[in-house]
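Participant: Quick one: structure below, then a few questions.
The values are calculated or read from the model by the stated rules, or taken from the named source; none is laboratory data. Keep in mind the model is a prediction, meaning the values are calculated, not measured. Backbone-built Cβ (ideal geometry, glycine too); neighbour counts: all protein chains shown. When the accessible area is computed, the model is the full protein with side chains, heavy atoms only, and any ligands, DNA or RNA have been set aside. Shrake-Rupley method; radii C 1.70, N 1.55, O 1.52, S 1.80 Å.
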Amino acid sequence: MSLCDEARLKERRFRPWRRLAPLTPLLLTGCSGGPFRVFDPKGPVARASLNFTIIDVVVMAFIIVPTACFILWCIWRYRRSRAAAYSPGFSHSLKLEAVMWGIPIVVVAGLAYASYNGTFAVDPYGPHVLRMPARAGRSHPLKIDVVATDWQWLFIYPKQHVASVDRLVVPAGRNVEFRLTSTSVVNDFFIPQLTDMIDVMPGMRTKDAMRANGQGRYEGFAANFSGAGFSWMRFATDVVGKRGFAKFVRHAAAAPAALTYATFERFARPTINLDQRPRYFSAPAPHLFRRIVEASRNGKTYPVPPRLTEAMARDLRAGASYFSRPAASRGTSG
């Protein structure tokens with residue numbers, strides 16, 4: 001075979017791979033869109049989750065990498081061209097048995113220990129990592145009720161008698177306890193830098209907890225596809241100081257709209273908060289969260305208008321009413 005023929009043969013072999021070259025950037029699409037929030041924890045719950053994830057990855061790499069290397073070594077060592085020795089009388093090896101059984105037992109035991117500790121460390125109903133000595137102003141956690149609608153987040157502060165839409169405000173260094181529910185489909189509540197993802201279900205009450213180490217703004221969002229407005233179902237999480245939290249409470253308490261159950265029923269109708277601008281309510285009705293859960297159990301629904309999926313782009317251009325654009329003049333925007 002001439003050199004030219006050999007070159008053409010190699011070219012034909014690699015031609016299919018060249019066609020796939022333009023698709024390689026797709027492998028990096030998950031790396032775009034800003035910082036790796038999961039790898040930048042700002043609270044003990046998120047940090048503990050990252051630590052246990054790293055442990056799992058390292059342990060699995062300890063298994064996969066040596067196994068892959070051993071397979072490659074066997075392929076090289078016992079390839080046909082080496083004429084390796086053939087031992088038809090081989091039955092077993094105690095050393096090989098010890099390695100094949102001993103390493104998995106040790107690995108499984110280590111993972112079981114890490115999983116046991118990790119389960120209790122980040123348990124949403126009472127994370128061990130949030131246990132802290134009682135100190136002035138921090139011994140009592142801040143309690144917040146979270147309601148997922150189509151497609152907004154409502155945060156109710158029962159003790160502070162205020163509520164906010166698509167904006168969560170918490171004081172730095174204080175434990176926060178959530179009660180969560182949904183008015184429609186199952187969704188997921190997730191603040192990557194502060195707390196783990198947890199399901200939010202209609203007619204049910206789940207719990208979650210977190211603490212932020214320092215002040216800042218972090219992004220929370222719905223992590224489960226829930227329909228036409230899913231892409232806009234995000235909320236800002238503002239971690240502020242003691243004075244900043246008191247200012248937020250005063251601002252929300254001055255909102256002219258009180259959050260009665262009738263007000264909530266109007267709010268819970270399928271609405272896309274296109275501008276993702278927060279709104280505030282004053283004086284939430286007592287036991288509102290429990291009433292929302294009971295209503296869902298009794299079959300209360302908020303049907304989605306067909307136009308939300310059939311003619312969404314047209315209605316967006318026309319400024320349809322279900323695209324919420326709170327006006328500053330209402331006094332409910334922040």
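Participant: Check the range 253-273 and report whether any residue there is assigned to a strand (DSSP E or B) and under 19 Å from residue 148 (Cβ atoms). Full working, then the answer.
Facilitator: Of the residues in the range 253-273, the ones assigned to a strand (DSSP E or B) are 258, 272.
Narrowing the set further to residues that are under 19 Å from residue 148 (Cβ atoms) leaves 272.
Within the range 253-273, one or more residues are assigned to a strand (DSSP E or B) and under 19 Å from residue 148 (Cβ atoms).
Participant: When you check residue 281 against the structure, is it under 26 Å from residue 230 (Cβ atoms), part of a strand (DSSP E or B) and either touching a Pro at 6+ places or on another chain (Cβ under 6 Å) or modelled with pLDDT of 70 or more (or both), yes or no? Let's see the steps before the verdict.
Facilitator: On the way: under 26 Å from residue 230 (Cβ atoms): yes; part of a strand (DSSP E or B): yes; either touching a Pro at 6+ places or on another chain (Cβ under 6 Å) or modelled with pLDDT of 70 or more (or both): yes.
In short, yes.
Participant: Within the set of pairs 6+ apart or on separate chains, which have a first residue in the range 76-99 that is outside any helix (DSSP H, G or I), a second that is open to solvent by 100 Å² or more (accessible area, probe 1.4 Å), and C-beta atoms under 7 Å apart?
Facilitator: Pairs found: 84/78.
Participant: If you take the residues of the range 183-197 that are under 22 Å from residue 264 (Cβ atoms) and either among the aliphatic types (A, V, I, L, M) or within 16 Å of the chain's Cα centre (by Cα) (or both), which of them is surrounded by the fewest Cβ atoms within 10 Å (Cβ to Cβ)?
Facilitator: So the first thing to find is which residues in the range 183-197 are under 22 Å from residue 264 (Cβ atoms), and the list is 183-189.
Filter once more, keeping what is either among the aliphatic types (A, V, I, L, M) or within 16 Å of the chain's Cα centre (by Cα) (or both): 185-189.
Working: 185: 15, 186: 13, 187: 28, 188: 19, 189: 25.
Out of the qualifying residues, it is 186.
Participant: Let me ask you something else. Mind listing just one residue for me: the one in the range 286-317 that is loosely packed, with under 10 Cβ neighbours inside 10 Å and either of a type in the set (Gly, Ala, Ser) or under 17 Å from residue 267 (Cβ atoms) (or both) and, of those, modelled with the highest pLDDT?
Facilitator: The qualifying residue modelled with the highest pLDDT is 299.
Listed here are the residues, each with its yes/no results for (1) open to solvent by 80 Å² or more (accessible area, probe 1.4 Å); (2) in contact with a strand residue (DSSP E or B) (Cβ under 7 Å, 6 or more places away or on another chain); (3) at pLDDT 55 or above.
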residue	(1), (2), (3)
2	no, no, no
7	no, no, no
24	no, no, no
36	yes, no, yes
43	no, yes, yes
53	no, no, yes
59	no, no, yes
67	no, no, yes
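Participant: Residue by residue through the range 209-224, note down the ones that are out of contact with any Ser or Thr (no Cβ under 6 Å at 6 or more places or on another chain) and either within 19 Å of residue 152 (Cα to Cα) or open to solvent by 50 Å² or more (accessible area, probe 1.4 Å) (or both).
Facilitator: Taking the range 209-224 and keeping what is out of contact with any Ser or Thr (no Cβ under 6 Å at 6 or more places or on another chain), we get 209, 211-217, 219, 221-224.
Correct list: 213, 215, 217, 219, 221, 222, 223, 224.
Participant: Would you check which residues across the range 228-247 are assigned to a strand (DSSP E or B), open to solvent by 20 Å² or more (accessible area, probe 1.4 Å) and more than 15 Å from residue 213 (Cβ to Cβ) and list them?
Facilitator: Applying the first criterion (assigned to a strand (DSSP E or B)) to the range 228-247 yields 234-240.
Now drop any that are not open to solvent by 20 Å² or more (accessible area, probe 1.4 Å), which leaves 234, 236, 240.
Scanning the range 228-247 gives 234, 236.
Participant: Further, regarding this structure: Using beta carbons and a limit of 6 Å, which pairs, at least six apart or on different chains, have the first residue in the range 40-53 and farther than 21 Å from residue 240 by Cβ and the second one not β-branched (Val, Ile, Thr)?
Facilitator: Going by the 6 Å Cβ cut-off, the qualifying pairs are 48/121; 49/196; 50/41; 52/118.
Participant: Given the residues 266, 325, which is the only one that is at pLDDT below 90, more than 18 Å from residue 203 (Cα to Cα) and open to solvent by 50 Å² or more (accessible area, probe 1.4 Å)? Give the derivation first.
Facilitator: Values: 266 fails: at pLDDT below 90.
After applying the criteria, what remains is 325.
Participant: I'm trying to understand the selection: among the residues of the range 198-208, which are in a loop (DSSP other than H, G, I, E, B) and either open to solvent by less than 10 Å² (accessible area, probe 1.4 Å) or in contact (Cβ under 8 Å) with a residue 60 or more places away in the chain (or both)? I'd like the intermediate steps shown before the answer.
Facilitator: Here is the first cut: in the range 198-208, the ones in a loop (DSSP other than H, G, I, E, B) are 201, 203-205.
Correct list: 203, 204, 205.
Participant: Every residue in the range 221-230 that is over 13 Å from residue 166 (Cβ atoms), at pLDDT below 85 and of a type outside the set (A, V, I, L, M, F, W, C), please.
Facilitator: If the condition is that a residue be over 13 Å from residue 166 (Cβ atoms), at pLDDT below 85 and of a type outside the set (A, V, I, L, M, F, W, C), then 226, 227 are the ones that fit.
Participant: Within the range 248-262, track down each residue that is of a type outside the set (A, V, I, L, M) and open to solvent by 20 Å² or more (accessible area, probe 1.4 Å). First the steps, then the outcome.
Facilitator: From the range 248-262, those of a type outside the set (A, V, I, L, M) are 248, 250-251, 256, 260-261; that's our starting set.
250, 251, 256, 260, 261, listed by residue number.
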